[in-house]
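The structure appears right after this line, and notes come after that.
The values are calculated or read from the model by the stated rules, or taken from the named source; none is laboratory data. All values derive from a computational prediction rather than experimental measurement. Here the Cβ positions follow ideal geometry from the backbone for every residue, glycine too, while neighbour counts run over all protein chains shown.
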Ligand code: FEO
């Protein structure tokens with residue numbers, strides 16, 4: 001891609017990954033992704049982050065359209081994860097930079113990623129409050145630990161009123177557009193939610209602190225440039241900050257997600273009846289079949305849903321594998337303050353719903369109901385009980401959210 005001037009003298013020189021569907025080995029990315037990096041053209045020419053190793057040539061091509069890459073003086077490593085430092089060793093070898101700015105945790109991690117190659121690199125460790133002049137532009141560094149890794153930091157380019165935010169505010173979208181106001185807002189919102197729910201959510205507390213730190217510094221921000229997806233300018237800056245505030249607060253809506261897997265469709269029918277009961281009380285219900293939706297789809301939905309209702313038939317004294325994998329993934333992402341419920345059909349032993357309930361309890365969910373289970377094929381009476389079960393879940397949501 002051609003470089004694009006995002007703010008005066010700040011150019012996007014990243015790479016598009018149209019084919020990415022497996023983001024970081026654990027989240028799915030149905031719209032691909034981007035590895036954004038930014039070049040500041042000043043007396044000290046400075047590159048912010050690099051790209052995944054597989055996309056090194058694209059980044060070098062973009063940089064070369066502006067300058068000879070050997071003219072890069074400084075590199076800022078805002079985040080060491082390999083989608084941002086995969087190309088770093090090749091770049092350093094080619095450029096021989098004067099300085100590489102990195103956080104204290106970043107320095108430690110980088111040595112574990114690029115090993116003894118790092119020994120000769122001109123690392124300059126910076127902390128929150130550290131500053132650096134590039135000539136016309138001054139940089140201020142802000143450590144944002146665990147947003148997304150311990151090393152993560154953001155950099156504010158003062159005279160450009162631009163915050164380079166690494167993973168924070170990112171979305172997995174490959175597009176020829178670079179600004180959020182150039183694409184469909186619904187697509188942007190869903191992908192921003194998906195990114196947060198699947199990648200950043202376990203670190204909601206740290207992200208909340210990072211947002212507070214940005215606000216406490218009273219920075220004038222006209223642009224936010226994340227390392228993935230579209231960037232924010234003008235009134236979208238406040239919009240993005242508010243979105244993240246809602247995300248970190250895990251602000252919930254009157255919504256419930258009903259997820260299930262099924263063998264002979266009894267659990268599926270129970271799921272439908274439960275959803276009907278939930279919706280009858282004014283709470284939106286979304287039913288996700290685990291053979292047709294993946295774990296990232298579920299987390300995207302759960303981000304603002306007040307309740308999660310999980311169903312599986314009993315299989316070999318346990319839970320079907322897509323459901324147990326989902327529960328493992330969900331637990332790691334630490335949703336807080338949700339209402340949970342469990343259900344499922346069974347043939348003879350019937351443990352699945354009880355195990356699901358225990359998983360939900362392990363996530364500290366409110367569990368207003370005992371697990372609902374029926375043997376073999378549910379009767380009409382059983383379906384009425386499922387509708388009632390859903391109504392009681394909705395009552396709990398309505399009572400919680402008012
Ligand atoms: Fe975009 Fe945490 O890496």
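Data overview
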item	result
Wholly within segment 110-177, strands (runs of 3 or more DSSP E) carrying at least 2 residues that are within 16 Å of the ligand (Cβ to nearest atom) and either over 17 Å from the mean Cα position of the chain (by Cα) or closer than 25 Å to residue 8 by Cβ (or both)	153-157, 162-166
Of all residues in segment 111-131 being farther than 29 Å from residue 219 by Cα and in contact with a helix residue (DSSP H, G or I) (Cβ under 7 Å, 6 or more places away or on another chain), the one that is surrounded by the fewest Cβ atoms within 10 Å (Cβ to Cβ)	117
Long-range neighbours under 7 Å by Cβ, at least six apart or interchain, first residue at negative phi within segment 1-26, second at pLDDT below 95	16/1
Members of segment 273-300 that are outside any loop (DSSP other than H, G, I, E, B) and farther than 19 Å from residue 396 by Cα	288, 289, 295, 296, 297, 298, 299, 300
Residue 232, sole failed condition from (1) assigned to a strand (DSSP E or B); (2) within 16 Å of the ligand (Cβ to nearest atom)	(2)
Matching option when the condition is surrounded by fewer than 21 Cβ atoms within 10 Å (Cβ to Cβ) and free of Cβ contacts under 8 Å to residues at least 12 places away in the same chain, among 243, 235	235
Set 217, 241, 252: member being in contact with a strand residue (DSSP E or B) (Cβ under 9 Å, 6 or more places away or on another chain), modelled with pLDDT under 95 and away from the ligand (no atom under 16 Å from the Cβ)	217
The listed residue being modelled with pLDDT of 95 or more, touching a helix residue (DSSP H, G or I) at 6+ places or on another chain (Cβ under 8 Å) and at positive phi, out of 277, 318, 282, 311	282
Breaking point among (1) crowded, with 18+ Cβ neighbours inside 10 Å; (2) within 16 Å of the ligand (Cβ to nearest atom); (3) at pLDDT 95 or above, for residue 202	(1)
Filter result (assigned to a helix (DSSP H, G or I) and within 18 Å of residue 5 (Cβ to Cβ)) within segment 178-190	180, 181, 182
Given (1) farther than 21 Å from residue 190 by Cα; (2) free of Cβ contacts under 8 Å to residues at least 40 places away in the same chain; (3) surrounded by 22 or more Cβ atoms within 10 Å (Cβ to Cβ), number of the condition residue 290 does not satisfy	(1)
Boolean, residue 225 is closer than 19 Å to residue 152 by Cα and either surrounded by fewer than 24 Cβ atoms within 10 Å (Cβ to Cβ) or at pLDDT below 95 (or both)	no
Restricting segment 252-271 to residues that are in a helix (DSSP H, G or I) and touching a residue at least 60 places away in the same chain (Cβ under 8 Å), the residue that is farthest from the chain's Cα centre (by Cα)	266
